[in-house]
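Right, one structure below, let's go through it.
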Amino acid sequence: MERDDASLVLDIRDACNRILAKTNRMTLRQFEGDEDVQDIVYRQFGKIGEAANNLSEEFLDRYRHVKWGKIVSLRNRVVHDYSELDLSRIWRIIREEVPQLLKNLEDA
């Protein structure tokens, strides 16, 4: 069953908010030491990438300033190459890119 863009964007927003809620009081060092939180974050990145991969071409064109390819690529890495992930890079994405994605989708 195909889902519409509005429900996919809601999934993306929900996943972003869950990532931020689980990590907002953590430091990088705490994140590196908490595999349970890492698993939650990876699962949410998977949801974000899966939803992004199913957005319509029209939506992607309207929001072309969002790096959709990188979002889907990150999903593929957390799903398939999780043992090779650089936690400091993941932390930077959590702190910088997840809030930016939420901001970019405010009016979606």
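Values in this text are rule-based calculations from the coordinates and carry no lab data. Since we're looking at a predicted model, the values are computed, not measured. Reconstructed Cβ throughout: ideal geometry from the backbone, glycine too, with neighbour counts over all protein chains shown.
Of all residues being among the aliphatic types (A, V, I, L, M) and farther than 19 Å from Arg89 by Cβ in region 30-65, which is surrounded by the fewest Cβ atoms within 10 Å (Cβ to Cβ)? Just the residue, please.
Leu60
Quick one: how many residues across region 7-26 are closer than 23 Å to Asn54 by Cβ and either of a type in the set (Phe, Trp, Tyr) or free of Cβ contacts under 8 Å to residues at least 40 places away in the same chain (or both)?
Qualifying residue count for the region: 5.
Quick one: in region 27-72, of everything that is in contact (Cβ under 8 Å) with a residue 24 or more places away in the chain and of a type in the set (Val, Ile, Thr), which residue is farthest from Lys103 (Cα to Cα)?
Among those that are in contact (Cβ under 8 Å) with a residue 24 or more places away in the chain and of a type in the set (Val, Ile, Thr), it is Val41.
With under 17 Å from Asp14 (Cα atoms) and in a helix (DSSP H, G or I) as the only criterion, which of Lys103, Lys70 stands out?
Being under 17 Å from Asp14 (Cα atoms) and in a helix (DSSP H, G or I) holds for just one of Lys103, Lys70, which is Lys103.
If only one of Arg3, Arg75 is surrounded by 11 or more Cβ atoms within 10 Å (Cβ to Cβ), among the basic types (Lys, Arg) and outside any helix (DSSP H, G or I), which one is it?
After applying the criteria, what remains is Arg3.
Applying the selection to region 83-95, what residues are in a helix (DSSP H, G or I) and surrounded by 12 or more Cβ atoms within 10 Å (Cβ to Cβ)?
If the condition is that a residue be in a helix (DSSP H, G or I) and surrounded by 12 or more Cβ atoms within 10 Å (Cβ to Cβ), then Leu87, Ile90, Trp91, Arg92, Ile93, Ile94, Arg95 are the ones that fit.
Does region 8-22 contain at least one residue that is surrounded by fewer than 12 Cβ atoms within 10 Å (Cβ to Cβ) and over 22 Å from Asp107 (Cβ atoms)?
Checked region 8-22: at least one residue is surrounded by fewer than 12 Cβ atoms within 10 Å (Cβ to Cβ) and over 22 Å from Asp107 (Cβ atoms).
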